[in-house]
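Contents: one structure, followed by commentary.
The values are calculated or read from the model by the stated rules, or taken from the named source; none is laboratory data. Note that the structure is a prediction, hence the values are computed from the model and not measured. Note: areas computed on protein heavy atoms with side chains; ligands, DNA, RNA excluded. Shrake-Rupley method; radii C 1.70, N 1.55, O 1.52, S 1.80 Å.
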Amino acid sequence: MYEMNRREFLSVFGGATAVSIAIPALASSSVTDKLASDVTSLYVKGLVMVDLGNPDLIRLGFPKAPGHKATLSVVPQNGIKQVLAIKGHGAIEAKPIVASNTKIVVPELIRMKEFYGDDVKSHVDKCPGTISIPRSAIRSVTATELTAARYTFVRTDTGEEVTSFRPRQLADAIKIELSSAGTLKLDDGKVSIPLETARELRVEYTPERATTDPLTDHFHHYFPYIERPAAVDFDVVPRKVGAASSPTPQAGHHFMMLDALSVCSLVAVH
């Protein structure tokens, strides 16, 4: 079992037989642009854990959450978008483009360390679905979608606000820029997607039925996948503290179609 270090830890796949998904009919100009950028964008949205504790890779974890649907959308340079249901475990195998020890900082992510201190441990490897990504294949990680409101957190046992958490808008979605020279393998290797054939990849793990505040309603699904020190073994729940004073950034190519509707936010422990 992998245990995260004291530095970092931070939000599912169809196909019964082995398949390879390649995007056909790329225009020559698009191919030229793709080769020039050498980057494929992976958007991640919803009830997802991002484990940053391993110096060599990051792991996306999809906790067990009834009523949530996980999908992967493959957006080609040209042609029709393909959507897959996700389950099981996957990995990205890609050519290095940066040093493997590059630090990843996304201030808008919820960090479990803010509630439970440096000794909180990750059990993202126990999630029903995971995707492992080499750090050396990641050029950058940024928040592309924020909650409309600012949030704080309160303890469920006492109702007291957690003063170690800084109230802020939270990340509903992030963008991971990946080396295009590689392959995304899903469903324990049964599905292979060459990254160079895609303009964007979009992973979403969101509730099938919307609620008034999904972040608050579904946050408890994260707790089975962290280990807290005995002295701080309490649950927390998010609470809105007011409307945002700045506009919400929007991911490109209409990734967010829910407008102001709040969704399950990603969580980080590091």
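Remark: the range 219-234, residue by residue, has Karplus-estimated 3J(HN,Hα) of 4, 5, 5, 6, 4, x, 10, 10, 10, 9, x, 4, 5, 10, 8, 10 Hz, where x stands for each Gly or Pro and the curve is 6.51 cos²θ - 1.76 cosθ + 1.60 at θ = phi - 60°. In the context of the full set of protein chains, the range 91-140 has a per residue accessible area of 41 Å² (1.4 Å probe). The mean accessible area for residues of the range 141-249, using a 1.4 Å probe and ignoring ligands and nucleic acids, is 43 Å² per residue. Once backbone amide H atoms are built at 1.01 Å from N, Ser41 has Leu178, Leu201 as its partners under 5 Å, excluding neighbours fewer than 5 places away on the same chain. The HN-Hα couplings worked out from phi for the range 131-141 by the Karplus form 6.51 cos²θ - 1.76 cosθ + 1.60 (θ = phi - 60°) are 9, 9, 10, x, 4, 5, 9, 10, 7, 6, 9 Hz, whole numbers, x standing for Gly and Pro. For the range 131-184, the fraction of 1.4 Å probe accessible surface lying on carbon and sulfur atoms is 46 percent. Lysine pairs in the range 96-245 whose alpha-carbon atoms fall under 23 angstrom of each other, counting only those eight or more residues apart or on distinct chains, come to 10.
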